[in-house]
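Q: Encoded as structure tokens, here's the structure I'll be asking about.
The values are calculated or read from the model by the stated rules, or taken from the named source; none is laboratory data. In this text the structure is predicted, and so the values were computed from the model without any measurement. Ideal geometry is used to build each Cβ from the backbone, glycine not excepted, and the neighbour counts take in all protein chains shown. Calculation scope for accessible area: heavy atoms of the full protein, side chains included, ligands and nucleic acids excluded. Shrake-Rupley method; radii C 1.70, N 1.55, O 1.52, S 1.80 Å.
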Amino acid sequence: VGINHYPLLKDSSAQPRNLIKPAADAEAIAQLLETYGNFQVQRFPGANIEGSWQVDPHPKTKNCEINALKEAISKLFNPLDNIPETALLFFVGNSLLDEQGGVQEGFLATSDTNPEKGKWGISLHWLSQLLQKSPVKQQIVWLDCYHQEKKIDFLQTTLSNIESTYN
């Protein structure tokens, strides 16, 4: 997953928090995994670019929405058939931290993320629960998140909760 465009996610100066490299980075990882890791790769958002399927650097927003990414992640870790031995999720893009009542929750931002309207993205708590229910034996979650806030411990906290359930 490589998401460049965040038209509804604004920084402190009300400018979109768009990124330049996520799609290219995700495509580079996809090619390495296919070539050297013997992985079957699904690109998100994907498009036919110059005759080959690639991570799309300029997708239509609907292709990077919360529900579309949630469905793709669900199918990766909880497929209906042909359960793989190993599943790897690589995400590069923005992340967010919501804190209410002293409770922090982390999110992976999608192109339709808009905290002002209550659309935060993919909840890391949801991802944690999905991984716990997954029949896939080897689960790899590789997050390369851009985060503009000072506290970024939410990733470590959420992922350590996942880790502790398997130890």
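Q: Scan the range 52-108 residue by residue and report those that are modelled with pLDDT under 90 and within 15 Å of Ser128 (Cα to Cα).
A: Those that are modelled with pLDDT under 90 and within 15 Å of Ser128 (Cα to Cα): Gln104, Glu105, Gly106.
Q: Pairs needed: first member in the range 23-44, farther than 14 Å from Ile3 by Cα; second member anywhere, buried (at least 18 other Cβ atoms within 10 Å of the Cβ) and small (Gly, Ala, Ser); C-beta distance under 6 Å; at least 6 residues apart or different chains.
A: Going by the 6 Å Cβ cut-off, the qualifying pairs are Val41/Ala30.
Q: Does Ala87 satisfy the criteria of being among the small types (Gly, Ala, Ser), closer than 20 Å to Ile20 by Cβ and buried (at least 19 other Cβ atoms within 10 Å of the Cβ)? Quick ask: steps written out before the conclusion?
A: On the way: among the small types (Gly, Ala, Ser): yes; closer than 20 Å to Ile20 by Cβ: no; buried (at least 19 other Cβ atoms within 10 Å of the Cβ): yes.
Judged against the criteria, Ala87 is not a match.
Q: Something else about it: Name every residue in the range 1-52 that is assigned to a loop (DSSP other than H, G, I, E, B), more than 19 Å from Ala72 (Cα to Cα), open to solvent by 90 Å² or more (accessible area, probe 1.4 Å) and among the polar types (S, T, N, Q), in order of residue number.
A: Across the range 1-52, the qualifying residues are Ser12, Gln15, Asn38.
Q: Just to be sure I understand, how many residues within the range 53-62 are touching a residue at least 40 places away in the same chain (Cβ under 8 Å) and either open to solvent by less than 70 Å² (accessible area, probe 1.4 Å) or closer than 19 Å to Ala87 by Cα (or both)?
A: The qualifying residues number 4.
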